[in-house]
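J.: Let me give you the structure first, and then I'll get to my questions.
The values are calculated or read from the model by the stated rules, or taken from the named source; none is laboratory data. Model, not experiment: these values are computed from the prediction. Neighbour counts are summed over all protein chains in view; Cβ atoms, including those assigned to glycine, are modelled from backbone coordinates with ideal geometry. Note: areas computed on protein heavy atoms with side chains; ligands, DNA, RNA excluded. Shrake-Rupley method; radii C 1.70, N 1.55, O 1.52, S 1.80 Å.
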Amino acid sequence: MSLARIDAEIEAAAALDDAPRAAQRLLDLAETVLEAWVVARGGVPTTDRREQFRLLALHHQGTRGTPSFNACRETCREIAYHYNVLHAEPGDAQRVRRQAMMGLLVRHLALFVRGKMEVEQLGEFCCASRPLRLES
């Protein structure tokens with residue numbers, strides 16, 4: 001799935017009125033991003049779960065042989081956190097903000113993975129795009 005399509009899907013999911021459905025769609029998109037990373041590196045995306053999330057298992061799988069991929073670990077954990085909150089409190093007054101934040105986190109993950117595919121060293125300086133800026 002292209003980054004433009006992922007962005008469009010993120011926008012649509014974050015705008016849903018049904019918090020659990022929005023959270024599930026955003027989580028699915030995040031998993032799609034990590035699946036692309038695993039496939040690009042010649043792997044087969046896992047169906048395992050870590051701490052009840054396939055997203056975290058995919059992240060763990062994606063770090064094998066690439067320690068700098070750990071830079072997006074906290075982003076994945078925050079996506080899982082927002083998923084849990086949106087499911088636990090779907091009618092909360094902060095629902096719209098939480099969905100928007102989850103969308104931003106998924107977009108951040110997508111941008112990181114895309115950058116990582118272009119520049120292997122991305123992530124060695126946190127998750128900033130410093131190596132990309134220095135090359136341009």
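J.: Net charge around Arg95, counting only other residues with Cβ within less than 13 Å of its Cβ (Lys, Arg = +1; Asp, Glu = -1)?
T.: Details: positive: Arg21, Arg97, Arg98; negative: Asp17, Asp18, Glu89, Asp92.
Here the count lands on -1.
J.: How high is the relative contact order of the chain, given as a whole-number percent (alpha carbon pairs under 8 Å, six or more residues apart)? The partial results should precede the final answer.
T.: Numbers: 165 pairs, mean separation 39.8, N = 136.
Across the chain, relative contact order equals 29 percent.
J.: With r defined as the distance between the Cβ atoms of Met117 and Glu11 and R0 fixed at 22 Å, what FRET efficiency is calculated, to the nearest 0.05? Can you show the working numbers first?
T.: Working: r = 22 Å, r/R0 = 1.02.
That pair, Met117 with Glu11, gives E of 0.45.
J.: By average Cβ neighbour count within 10 Å, what is the ranking of 66-78, 94-106 from highest down? Kindly include the intermediate steps, with their values, before the conclusion.
T.: On the way: 66-78: 17.2, 94-106: 19.4.
Output ranking for 66-78, 94-106: 94-106, 66-78.
J.: With Kirkwood's inverse mean 1/r over C-alpha pairs for Rh, give me the Rg to Rh ratio of the chain, two decimals please. Mind dumping the intermediate values first?
T.: Details: Rg = 14.7 Å, Rh = 15.1 Å.
The Rg/Rh ratio comes out at 0.98.
J.: At 7 Å along Cα-to-Cβ for each site, give me the label-to-label distance between Leu104 and Ser2 in nm.
T.: Label at Leu104, label at Ser2, 2.7 nm between them.
J.: On the protein heavy atoms, probe 1.4 angstrom, tell me the percent of accessible surface of the chain carried by carbon and sulfur.
T.: Values: 3730 of 7440 Å².
Here it works out to 50 percent.
J.: Would you be so kind as to identify all helices of the chain, as entire DSSP H runs, whose Cα atoms reach 24 Å or more along the helix's own axis and whose mean Kyte-Doolittle hydropathy is at least 0.0?
T.: Going by DSSP H runs, the hits are 19-40, 95-118.
J.: Roll a 1.4 Å probe over the protein chains and send me the accessible area per residue for the chain in Å².
T.: Numbers: 7440 Å² over 136 residues.
That works out to 55 Å² per residue.
J.: Here's a follow-up. Name the residues of the stretch 18-40 whose amide N is less than 19 Å from a point 7 angstrom out from the Cα of Thr46 along the C-beta direction?
T.: Of the residues in the stretch 18-40, 27-40 have backbone N under 19 Å from the label point off Thr46.
J.: How much net charge surrounds Gln52 when only other residues with a Cβ under 14 Å from its Cβ are counted (Lys, Arg +1; Asp, Glu -1)?
T.: Numbers: positive: Arg49, Arg50, Arg54, Arg77; negative: Glu31, Asp48, Glu51.
Net charge in that neighbourhood comes out at +1.
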